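Engineer: I'd like to ask you about the structure that follows.
The values are calculated or read from the model by the stated rules, or taken from the named source; none is laboratory data. Being a predicted model, the structure only gives us computed values, none of them experimental. Every residue, glycine as well, gets a Cβ built from its backbone with ideal geometry; the counts of neighbours run over all protein chains shown. Side chains included, ligands, DNA and RNA excluded: accessible areas come from the protein's heavy atoms. Shrake-Rupley method; radii C 1.70, N 1.55, O 1.52, S 1.80 Å.
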Amino acid sequence: MSNIDDILEKALVGEELTRDEAYRLYDDAPLQLLCSVADTLRRSKVDDPEVVTWQIDRNVNITNVCKSGCRFCNFHCKPHEEERAYITTMAEYRQKIDEAIAMGADQLLLQGGLHPRLGIDFYETLFRQIKREYPTLRLNALGAPEISHIAQISKLTTVEVLTRLRSAGLDTLPGAGAEILSDDVRRRISPAKPSAREWVRVMHEAHKLNIPTTATMMYGHVETPHQRVDHLITLRDLQALKPASSRGFTAFIPWVFCPTGTELERSGVSPRFSATEYLRIIAMSRIVLHNIRNIQASWLTVGKDVAEIALHSGANDMGSIMIEENVVSSAGATTRFDKEAMMATIRRAGFTPRLRDQLYNYRDA
Ligand code: SF4
């Protein structure tokens, strides 16, 4: 087994780490050294090392009805729970979009559950209507599990679903639903959700269709430390398969499991969050994911102070101020940001804040 300095030297010259080398770093490298190397790599990857980017968008939920029943999710309800179930109406979209645009948003993050009756026609109609009324608004919508679900109930392939949704107005596909890309873990936290292999397959199809996506990881529940590293390697290897002309994964966003009131919490799974573990994951992300340019600090789940340190540990982006967010917030995430607080936090960390769009182009704040 190589020693830690040799492995880090290999990362610094841009060589890909083996799985065992990544395990060794994650298990044994001193945190300060790991973060310092990750920060050096961040500086070499981004156009302006003194800049940290951020975004304004609104997360609107299409429906809270979901047949998946993930054990970490408080947001969803079952189709028969009529008092809780909703499908957002066009009038509600208009109100939410008008508010978001007035606050500077250029994008809607549209997510929902795996509704047993909402197939391709529903989503095509919805996307077309929103784009007709708001042609410059970008739609960052759904995720690999929703694409698989829509394909299944519409009797289409996932490529057909992606192609039709793109024609209807889909701009980018969020990386949601990855959790930990291990079927062993998924069986324990989200047994009815599409498999890890299916998530990878749909993302690869999106990349081949030149639909940019992000990638996520929700950690700190039942997974082992090495399953986190495996997750990073799966993403790195998938990114290597994208066509040269495709953006592929534009960013990686790891966040910690929020337990409050979840079925996982009731069954005795407590979160294993610590600031040092989060920083280790951010640094490892930068080191392992040499082919994914942007690493995002998840202020929503770890808080502003830890997110600030993450910007010195490999992260180069603070994500969105999220004018509205209901999924993670319903499981105990309480941090909130407005524009001023976001920019002040980035400045306090020693960087220049720059507003960006989903593809990391700068916008005027
Ligand atoms: S996380 Fe998503 S797929 Fe899982 S139950 Fe909640 S809404 Fe459904």
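Engineer: Could you pull out every residue, at least 5 positions away or on a different chain, whose amide H is within less than 5 Å of the one on SER320? Hs are placed 1.01 Å off N in the peptide plane, and Pro or chain starts have none.
Structural biologist: Counting only residues 5 or more places away or on other chains, the set is GLN55.
Engineer: If you fit an axis through the alpha-carbon atoms of helix 225-240 and take the longest principal axis of the Cα set of the chain, what angle between them do you get, 0 to 90°, nearest 10?
Structural biologist: Approximately 70 degrees, to the nearest 10.
Engineer: Another question, if that's okay. List every residue whose amide H lies under 5 Å from the amide H of ARG71, counting only residues 5 or more places away in sequence or on a different chain, with H placed 1.01 Å from N in the peptide plane.
Structural biologist: Residues meeting the criterion, in which the H sits 1.01 Å from N, are SER190.
Engineer: Another question, then. Based on the alpha-carbon gyration tensor of region 180-266 and its eigenvalue square roots a ≥ b ≥ c, which shape applies: rounded if a/c is under 1.5, prolate if not and a/b is larger than b/c, or oblate?
Structural biologist: On the way: a/c = 2.19, a/b = 2.07, b/c = 1.06.
Prolate, because a/c is 1.5 or more and a/b exceeds b/c.
Engineer: Mind checking the angle between helix 31-45 and the chain's longest principal axis? C-alpha axes, 0 to 90 degrees, to the nearest 10.
Structural biologist: With rounding to tens, the tilt is 70 degrees.
Engineer: Continuing with the same structure: Could the peptides 23-30, 249-256 be put in order, highest first, of the mean number of other beta-carbon atoms found within 10 Å of their residues? Please report the intermediate quantities before stating the final value.
Structural biologist: Values: 23-30: 16.6, 249-256: 24.0.
The peptides rank, most packed first, as 249-256, 23-30.
Engineer: Over the chain, what percent of the accessible surface lies on carbon and sulfur atoms, probe 1.4 Å? Intermediate results must be reported in sequence, preceding the final value.
Structural biologist: Details: 7240 of 14540 Å².
For the chain, the apolar C and S fraction of the accessible surface comes to 50 percent.
Engineer: Something else now. What is the Rg over Rh value, at two decimals, for region 133-227, using alpha-carbon atoms and the Kirkwood definition of Rh?
Structural biologist: Taking Rh as the inverse mean 1/r over Cα pairs, Rg/Rh reads 1.01.
Engineer: Hey, could you get me the Stokes-Einstein D for region 1-157, Kirkwood radius over alpha-carbon pairs, 10 °C and 1.306 mPa s, rounded to whole µm² s⁻¹? Please report the intermediate quantities before stating the final value.
Structural biologist: Numbers: Rh = 19.5 Å.
Answer, rounded: 81 µm²/s.
Engineer: Follow-up. Please compute the alpha carbon radius of gyration of the chain, then divide it by the globular-protein estimate 2.2 N^0.38 Å. Two decimals is fine. Mind showing how you got there, number by number?
Structural biologist: Details: Rg = 19.6 Å, N = 365, 2.2 N^0.38 = 20.7 Å.
Relative to the rule-of-thumb radius for its length, the chain sits at 0.95.
Engineer: While we're here: Helix 158-168 versus the longest principal axis of the chain: what is the Cα-based angle in degrees, 0 to 90, to the nearest 10?
Structural biologist: It is inclined by approximately 70 degrees.
Engineer: Using the heavy atoms of the protein chains and a 1.4 angstrom probe, tell me the accessible area per residue for the chain in square angstrom.
Structural biologist: Values: 14540 Å² over 365 residues.
Per-residue accessible area for the chain comes out at 40 Å².
Engineer: So, by mean Cβ neighbours within 10 angstrom, what's the order for 79-90, 151-162, 31-42, 176-187 with the highest one leading? Spell out each step's value before the answer.
Structural biologist: On the way: 79-90: 11.9, 151-162: 16.8, 31-42: 19.2, 176-187: 20.8.
Ranked from most to least packed, the peptides come out as 176-187, 31-42, 151-162, 79-90.
Engineer: If you line up the Cα atoms of region 47-103 on their principal axes, what length do they span on each, largest first, in Å?
Structural biologist: 51, 31, 13
Engineer: Evaluate the Debye formula for region 222-365 with equal point scatterers sitting on the alpha carbons, no solvent, and hand back log10 of I(q)/I(0) at q = 0.09, 0.17, 0.20 Å⁻¹, in q order, two decimals.
Structural biologist: -0.30, -1.07, -1.35
Engineer: Checking the cross-link filter: which lysines have an alpha carbon closer than 20 Å to that of LYS96, excluding same-chain neighbours under 8 positions apart?
Structural biologist: By straight Cα distance, LYS96 reaches LYS131, LYS339.
Engineer: Also: Percent antiparallel among DSSP beta bridges with both residues in the chain, to the nearest 5?
Structural biologist: Of those bridges, close to 5 percent are antiparallel.
Engineer: Here's something else I'd like to know. Relative to the Cα centre, what is the charge dipole magnitude of region 16-355, using +1 at the beta carbon of each Lys and Arg, -1 at the beta carbon of each Asp and Glu, and rounding to the nearest 20 debye? Can you show the working numbers first?
Structural biologist: Numbers: 42 positive and 41 negative charges, 99 e Å.
Once rounded to the nearest 20, the dipole reads 480 debye.
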